[in-house]
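Notes to accompany the following structure.
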């Protein structure tokens, strides 16, 4: 029996209406246990990227973070880079490592400074770290294909909901409405409609990574909860019914699944594609997802193409959802 699960993450600053924001989801079909498949894929990632701290965060895929996050006892290039940084910027380097250890995040300004130091002092080592960066991106791009091979043909579908908030200023009541919850609902509704197209009685579970949201009732900030991921039902034009069951909220910690890592990579890449451009062409976002996630929808002639799916009629201007399939 085929099981479906939707994994959701976001990118962008949802606290600033002038910033671009993205909610992305990756729908995976399973013919085996999702936990079993997750363990197989995670082992594959760790085999091809030894020493990489888990979970890899898409915003931290850059040469300097390989030196700051990866295990120097596993990778001699990381060890050499750390020796250079410890010699050239001992205090800043030590402070940065302490911040990473205690807050589990890379301080942006410190990383930029250390990046410039390593590039200036030992460009050869920096270049080899940059090669690690590119290889890891290739690895992430290949995950949908790995899922397909591991399951004997599983379908991987990517959904993206976003809005150019510059075009929506004045439409949001910043004390009551939460842009993340708004986009999340658009994405979940679109996913449910897609499931209904697959046939009668299709059901799916879903998970989202934790974050802060503005409570729709009180306007007070709180953590995302399972109550925000309620059951969604829909019926296709042919009468087929689908259900997206109530979801679970997960932390992006050492227990995060490969599928949540893929959702994080998808949302971050989609955000980078549209960031800073008020009218990003839909084709650019489609191109990113096709290239970065290696997803395509076979046409009747067997040729790959991309299908753009509009959001519900009540969606704000500049918001869209995109579906891509293998």
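The values are calculated or read from the model by the stated rules, or taken from the named source; none is laboratory data. Model, not experiment: these values are computed from the prediction. For neighbour counting, all protein chains shown are included, and Cβ atoms are generated from backbone atoms with ideal geometry for every residue, glycine included.
State whether the residues of the range 10-31 include one that is closer than 22 Å to residue 139 by Cα, more than 19 Å from the chain's Cα centre (by Cα) and either outside any helix (DSSP H, G or I) or touching a residue at least 24 places away in the same chain (Cβ under 8 Å) (or both). So far as the range 10-31 goes, yes, one or more of its residues are closer than 22 Å to residue 139 by Cα, more than 19 Å from the chain's Cα centre (by Cα) and either outside any helix (DSSP H, G or I) or touching a residue at least 24 places away in the same chain (Cβ under 8 Å) (or both). Does residue 249 fit the bill of being in a strand (DSSP E or B) and within 19 Å of the chain's Cα centre (by Cα)? Answer is yes for this residue. For the range 41-71, a residue qualifies if it is assigned to a helix (DSSP H, G or I) and exposed (fewer than 15 other Cβ atoms within 10 Å of the Cβ), and the qualifying residues are 43, 46, 47, 48.
Return a yes/no flag: does the range 223-244 have any residue that is at negative phi, in contact (Cβ under 8 Å) with a residue 60 or more places away in the chain and not in a helix (DSSP H, G or I). Yes, because at least one residue in the range 223-244 is at negative phi, in contact (Cβ under 8 Å) with a residue 60 or more places away in the chain and not in a helix (DSSP H, G or I). Pairs meeting the criteria (first residue in the range 103-115 and within 19 Å of residue 84 (Cβ to Cβ), second residue at pLDDT below 85, beta carbons under 7 Å, at least 6 apart or on different chains) are 106/60.
Of the set (1) surrounded by fewer than 18 Cβ atoms within 10 Å (Cβ to Cβ); (2) at pLDDT 85 or above; (3) within 17 Å of residue 26 (Cα to Cα), all apply to residue 296 but (2). One residue stands out among those in the range 72-83 that are in contact (Cβ under 8 Å) with a residue 12 or more places away in the chain and part of a helix (DSSP H, G or I): the one that is surrounded by the most Cβ atoms within 10 Å (Cβ to Cβ), which is 81.
Evaluation of residue 11 against the conditions (1) buried (at least 18 other Cβ atoms within 10 Å of the Cβ); (2) closer than 30 Å to residue 120 by Cβ shows that the sole unmet condition is (2).
Here's the yes/no breakdown for (1) assigned to a helix (DSSP H, G or I); (2) surrounded by 12 or more Cβ atoms within 10 Å (Cβ to Cβ); (3) modelled with pLDDT of 80 or more:
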site: 85; (1), (2), (3): yes, yes, yes
site: 91; (1), (2), (3): yes, no, yes
site: 139; (1), (2), (3): yes, yes, yes
site: 159; (1), (2), (3): no, yes, no
site: 167; (1), (2), (3): yes, yes, no
site: 172; (1), (2), (3): no, yes, no
site: 177; (1), (2), (3): no, yes, no
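Go through the residues of the range 249-267 one by one and say whether even a single one is under 18 Å from residue 11 (Cα atoms) and surrounded by fewer than 13 Cβ atoms within 10 Å (Cβ to Cβ). Yes, because at least one residue in the range 249-267 is under 18 Å from residue 11 (Cα atoms) and surrounded by fewer than 13 Cβ atoms within 10 Å (Cβ to Cβ). Could you tell me whether any residue of the range 194-204 is surrounded by fewer than 19 Cβ atoms within 10 Å (Cβ to Cβ), in contact with a helix residue (DSSP H, G or I) (Cβ under 9 Å, 6 or more places away or on another chain) and at pLDDT 85 or above? Within the range 194-204, one or more residues are surrounded by fewer than 19 Cβ atoms within 10 Å (Cβ to Cβ), in contact with a helix residue (DSSP H, G or I) (Cβ under 9 Å, 6 or more places away or on another chain) and at pLDDT 85 or above.
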